[in-house]
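Since the structure comes first, as structure tokens, the remarks are kept for the end.
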Amino acid sequence: MRVRPITPELLVTELADLLAGTAGPGRLRVAVDGPPAAEPDVLAAALVDPLRAAGRQVLHVRAADFLRPASVRLEHGRTNPDAYYEGWVDEAGLRREVLDPAGPDGSGRLLPSLWDAAADRASRAGYVELPPGGVVLVSGALLLGGGLPFDFTVHLVLSPAALDRRTEPGQRWTLPAFARYADEVAPASFADIVIRADDPRHPALVEPT
């Protein structure tokens, strides 16, 4: 593998160009996966305007808006890394409301958010129509281990030391979940694009030689 340093601006440009030129079966379902410390939501949001400028309709969906209710999510406590790893995201809801409708035989009628975790109630968001040729960007953590039907995957990876350093103190209890994810799923071994993000000012693309 070759590691190619790249500026944040050029990273967005190259990734947007790649996605704009990638044909999906009707619509392109893209995962932007990484721990919160790697800011996958920020990268996904940065791709929206360039993709639109390239003529693709885009919807950005955050996995954080598809969490399970607190009664389910926090059943084993607020800081249980195994529960965080195995069951915080409502993968069935994400599949039902976003990924399946964006799939080859889907209606194109997508729900941008399902659950307001702060209020612990349904978000009451309205459905959005994404036409054929559109791109849905799903950003968040631990997205690649559950068999969700993505057409293209981007994985932001941090070294253990960088992940430890950049994780907020109140979220450090999640670190064992990310260690388990790296060990059991190894997303960096199969994602379509792997980005080293130890320093957000100096990312690097991991490319096959």
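The values are calculated or read from the model by the stated rules, or taken from the named source; none is laboratory data. Values in this document were obtained by computation on a predicted structure and should not be read as measured data. Note: ideal-geometry Cβ built from the backbone for every residue, glycine included; neighbour counts use all protein chains shown. Please note that ligands, DNA and RNA were not included when accessible areas were found on the heavy atoms of the full protein model with its side chains. Shrake-Rupley method; radii C 1.70, N 1.55, O 1.52, S 1.80 Å.
Residue selection: residue 58 satisfies the criterion of being in contact with a Lys or Arg (Cβ under 6 Å, 6 or more places away or on another chain), at pLDDT 95 or above and surrounded by 18 or more Cβ atoms within 10 Å (Cβ to Cβ).
Would a scan of the stretch 86-96 turn up a residue that is part of a strand (DSSP E or B), open to solvent by less than 50 Å² (accessible area, probe 1.4 Å) and in contact (Cβ under 8 Å) with a residue 40 or more places away in the chain? Yes, the stretch 86-96 has at least one match.
The residue list 64, 44, 16 contains one member that is assigned to a helix (DSSP H, G or I), within 27 Å of residue 129 (Cβ to Cβ) and without any contact (Cβ under 8 Å) to a residue 40 or more places away in the chain, which is 16. Residues in the stretch 1-19 that are among the charged types (D, E, K, R) and over 15 Å from residue 192 (Cα atoms) were compared, and the one that is least open to solvent (accessible area, probe 1.4 Å) is 4.
Taking strands (runs of 3 or more DSSP E) as the structural unit, those lying wholly within the stretch 115-209 and holding at least 1 residues that are under 19 Å from residue 45 (Cβ atoms) correspond to 135-140, 152-157, 193-196.
Inspect all residues belonging to the stretch 94-107 and state whether any of them is within 30 Å of residue 161 (Cα to Cα) and in contact with a Pro (Cβ under 9 Å, 6 or more places away or on another chain). Within the stretch 94-107 (the criterion being within 30 Å of residue 161 (Cα to Cα) and in contact with a Pro (Cβ under 9 Å, 6 or more places away or on another chain)), the answer is no, since none of the residues qualifies.
Listed here are the residues, each with its yes/no results for (1) at pLDDT 95 or above; (2) closer than 17 Å to residue 193 by Cβ.
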| site | (1), (2) |
| --- | --- |
| 25 | no, no |
| 43 | yes, yes |
| 46 | yes, yes |
| 66 | yes, no |
